[in-house]
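Undergrad: Structure in structure tokens, see below.
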Amino acid sequence: MTDVAERAAAGFRTRYGEPPAGRWAAPGRVNLIGEHTDYNDGFVLPFALPLRTVAAAAGQDGARWTVWSELSDETVTFGADEVAEPGRVTGWGAYVAGVVWALRDAGHDVPGARLAIASDVPLGAGLSSSAALEAAVLTALVDLGGLDLPAERQPRLAQRAENVYVGAPTGIMDQSAAIRCRDGHALFLDCRTEEVEHIPFDLHAAGLAMLVVDSHAPHRHADGEYAARRRSCEAGAARLGVPALRDVGIDQLDTALARLDDPETRRRVRHVVTEDQRVLDTVALLRAGRVREIGPLLTASHVSMRDDFEITVPEIDTAVEAALAAGALGARMTGGGFGGCVLALVEVDAAEAVADAVTAAYAKKGFPAPGHVTVLPAGGATRLD
Ligand code: GLA
């Protein structure tokens, strides 16, 4: 298939009869560790994938936005009325209209624009194709309009597009990863202060590879379950009298758990508090250059998501168990849960054998075959030309 940036430019020329003024790319992400901690004001450690969404764009007169996407080969057009209030544009166009809405709502004078979107980020695989789309469109509009919106303020705005316009109650991790990640690094983000530290994550130098297994599990009730987990966490924080679960330190965990009578809330709280600590421990190991030692933390994160947060599914657990049995140093589900992808940290020479072991375990259980790819950390949203 032609390069994604080429496809965006070609789509633009076919649709609008002239070349674009520029192209902007934003990546999908995986999260190394720190799951469901972002909306608890905690810590996350995602990195950007080399798979990207590209927006080829140019201005147009008036408050009008026209967007073509190669995925559906559809063109969506909207004007000031549709972005005056959330929810008027639906489907994939809502992510684009949501960005325009959020920019205007924050007082920016958003230029009218024509856009053509192409993407290598698979949909529904838990790799944040929606944040990649939001970030590509946002950076395009910011540049085309010369808007005063530095990169560190862009994730919050893209998150508002998703929370308020699209109506998905997600945290700030995915948009931060799509915008702020750096090549060769994982992004250590404090989701309360939005401070970041770029942590060197040189798998190659350590003789390691990161295998991403796409579980191909259908997302079962993912939206409703995500919202329910968020509500449980907020209820737990309220019961404990803290602004967010981030405020419960690991050394206060036992006392905190003893104050909660609902066993389900206890499990949810335990996941979040221990997961925040695992992010901090992973960062400490990476800062010390001890990359291969992070494996057990990844696996412990998976066990916590499986048993305490209860967001894994049989395909995902099968992939993790098979990867570990085949020699992975650590493995975990990445992303919101109920499907999506598994990360396995492997010796570079073992990547294929681990992938084959997962495929064999799937076949034995009669699951449709999984996909897999090895990845290195890539950079965040950027203007290509
Ligand atoms: C989804 C959300 C993120 C985050 C993860 C779980 O990807 O979009 O904000 O909550 O789930 O860590």
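Derivation of every value follows stated rules applied to the coordinates shown; laboratory data play no part. All values derive from a computational prediction rather than experimental measurement. Glycine gets a Cβ as well: all are built from the backbone with ideal geometry, and neighbour counts include every protein chain shown.
Undergrad: Amide H neighbours of GLY330 under 5 Å, at least 5 residues apart or on other chains, H built in the peptide plane: list them.
TA: Long-range HN contacts for GLY330: LEU345.
Undergrad: Also, I was wondering about something else. What would the Debye formula give as log10 I(q)/I(0) at q = 0.15 Å⁻¹ for the alpha-carbon point model of region 264-312, no solvent?
TA: Cα-only, vacuum Debye calculation for region 264-312: -0.40.
Undergrad: Please state the Cα pair-distance histogram of region 137-190 with 5 angstrom bins from zero: what percent is in each bin?
TA: Spelled out bin by bin, region 137-190 gives 4, 19, 26, 23, 18, 8, 1 percent.
Undergrad: Averaging sequence separations of C-alpha pairs under 8 Å and six or more residues apart, then dividing by the length of region 226-349, give the relative contact order as a whole percent.
TA: Normalised by residue count, the contact order of region 226-349 is 18 percent.
Undergrad: Still on this structure, I have one more. Report the Cα-based extents of region 72-126 along its three principal axes, largest first, to the nearest Å.
TA: Here the spans come out as 33, 23, 18 Å, largest first.
Undergrad: Could I ask something else about it? Which value at 222 nm does the chain reach when only helices count, each DSSP H run of 4 or more adding -39,500 (n - 2.57), with the total divided by all residues and rounded to the nearest 500 deg cm²/dmol?
TA: So the calculated ellipticity at 222 nm is -12500 deg cm²/dmol.
Undergrad: Let me ask something else. More than 41 angstrom separation, counting every C-alpha pair in the chain; what % is that?
TA: 13
Undergrad: Ok, one more. If you bin the C-alpha pair distances of region 178-232 every 10 Å from 0, what whole percents do you get?
TA: P(r) for region 178-232, in whole percents per bin: 17, 26, 37, 19, 1.
Undergrad: Shifting gears a bit: How many nm separate the modelled label positions at LEU123 and GLU70, each set 7 Å beyond the Cα in the direction of the Cβ?
TA: That separation, rounded to one decimal, is 1.5 nm.
Undergrad: Work out, step by step, the length gained on full extension between GLU293 and THR77: first 0.36 nm times the residue separation, then minus their alpha carbon distance; give nm to one decimal.
TA: Once the chain is fully extended between GLU293 and THR77, it gains 72.7 nm.
Undergrad: Let me know the volume per residue of the alpha-carbon convex hull for region 208-375, in Å³.
TA: About 115 Å³ per residue, rounded to a whole number.
Undergrad: What are the extents of the Cα atoms of region 2-201 along their three principal axes, listed from largest to smallest and rounded to whole Å?
TA: Taking the Cα atoms of region 2-201, the three principal extents are 44, 37, 29 Å.
Undergrad: Counting residues in region 108-239 as N, plug N into 2.2 N^0.38 Å and put the Cα Rg over that result.
TA: Ratio of Rg to 2.2 N^0.38 Å for region 108-239: 1.21.
Undergrad: Note the angle between two axes, namely the Cα long axis of helix 263-287 and the longest principal axis of the Cα atoms of the chain, as a number of degrees from 0 to 90, rounded to the nearest 10.
TA: Here the helix axis deviates by roughly 80 degrees.
Undergrad: Per-residue HN-Hα couplings for region 134-147, Karplus 6.51 cos²θ - 1.76 cosθ + 1.60 at θ = phi - 60°, whole Hz, x for Gly and Pro?
TA: Going residue by residue, I get 4, 5, 5, 5, 4, 5, 4, 5, 4, 5, 4, x, x, 6 Hz, with x marking Gly and Pro.
Undergrad: How much length is gained on full extension from ALA206 to GLN252, taking 0.36 nm per residue of separation minus their Cα-Cα distance?
TA: Gain on stretching ALA206 to GLN252: 13.0 nm.
Undergrad: Hey, another quick one. If r is the Cβ-Cβ distance from ALA235 to THR14 and R0 is 41 Å, what FRET efficiency results, to the nearest 0.05?
TA: Computed FRET efficiency for ALA235 and THR14: 0.20.
Undergrad: Please list the three semi-axes, largest first and in whole Å, of the ellipsoid equivalent to region 218-263, using sqrt of 5 times the eigenvalues of its alpha carbon gyration tensor.
TA: Each semi-axis is √(5λ); the values are 24, 11, 10 Å.
Undergrad: Let me ask something additional. What's the whole-number percent of alpha carbon pairs in region 337-383 lying beyond 12 angstrom?
TA: 71
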